[in-house]
Amino acid sequence: MRMQGFCQRIHESRFASSHIEIIETYNDYALTYQKVKAVLERIPKIKGIYMANHSVSGCVEAIRAVGRQGEIRVISHDLTDETKRLLQKGEIDFTIAQDIYRQGYRPLLYCVNIYSRTWNRDQIKTSRLLRLSVRKI
C-alpha cells in the first residue's frame, strides 16, 4: 500500500516514470544493502530514496559504501529505535511515523466514547467481547 500510494502521487505530479527505480527488498537488511548499492553504482545521479519498509539501515549502509552520504535524501516509514538513531545522526532526512498502538487503540476509544455519550448502556445488547473491551478501557 505504501509503495502504491507513493507511486500514485509521483505520477500525479508528472514525475517521469523513467526516473523511478523500484526494487523489492522484503525487509531484508542484506538484500536491501546489495540492491541499493548496485542501483547507486549503476545510476550515480540518484538524489533521493524512499524506503517503504523497515530495512532502512541497509539502505543507509549502501549509501555510505558508495561514499554518497549527505548527497542522497532518504525518506522512510515508522519511528523505530533504528530510524530515530538514523534521524539523529542525519543519515535519513524524514520518517513517516506510524504509531501502531494508537492506530488500534484510538478507534476503540472513539467507539466507546460515542457509545457512552449517545446510548444508555443498559438498553443496548452487545456481545460479551464488546462489553469486556469497554470495561477494560
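The values are calculated or read from the model by the stated rules, or taken from the named source; none is laboratory data. On a predicted model such as this, the values are computed, not experimentally measured, just so you know. Quick reminder, even Gly has a Cβ in these numbers, built from the backbone with ideal geometry, and neighbours come from all protein chains shown.
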Would you confirm whether any residue within the stretch 87-100 is among the aliphatic types (A, V, I, L, M) and at pLDDT below 70? yes
Count of residues meeting criterion [outside any loop (DSSP other than H, G, I, E, B), surrounded by 13 or more Cβ atoms within 10 Å (Cβ to Cβ) and at pLDDT below 90] in the stretch 4-59: 3
Give all pairs with beta carbons closer than 6 Å in which a residue from the stretch 7-36 that is over 8 Å from residue 58 (Cβ atoms) meets a residue that is at pLDDT below 95; count only pairs at least 6 apart in sequence or on separate chains. 27/53; 27/54; 27/55; 35/23; 35/25
